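Take a look at the structure set out below.
No value in this document is a laboratory result; all are computed from the given coordinates. Computed from a prediction, not measured in an experiment: that's the story for all the values here. Virtual Cβ from ideal backbone geometry, glycine too; neighbours counted across all protein chains shown.
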Amino acid sequence: MPEQTSYNTQFFVGVVENRMDPLKLGRCQVRIIGLHIHDKAILPTDDLPWAVPMGPVTSASMNGIGHAPVGPVEGTSVVIMFHDYPDNQQPVIIGTIGGI
């Protein structure tokens, strides 16, 4: 019988601080509540990792094929999970949280 692997996934909430992705992939730099310090003098926005947006299954998400939504803007609250949990260095935006 094959060995079973157990995955422990955690979800986080963060706020988008920068969406000017130099690679133009739709990534955002997100300050994650409870993970990143709030003080921008200690952890500047430029030092936050780039979070990759999860696309819908109706989008190819490659080679310029698919949707081109505006996506989250600075100040948008987002839900994050990590591709590399528990190292938490490769964030994935899985959705936005409505707000004013």
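A compact table of results
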{"read-out": "Projected label distance in nm at Asn18 and Val73, using a 7 Å step from Cα toward the beta-carbon", "value": "2.0"}
{"read-out": "Positive minus negative residues near Ile93 (Lys, Arg vs Asp, Glu; Cβ under 11 Å)", "value": "+2"}
{"read-out": "Radius 13 Å from Cβ of Pro53, net charge of other residues (Lys, Arg +1; Asp, Glu -1)", "value": "+2"}
{"read-out": "Virtual spin-label span in nm between Ala41 and Asp84, 7 Å along Cα→Cβ", "value": "3.0"}
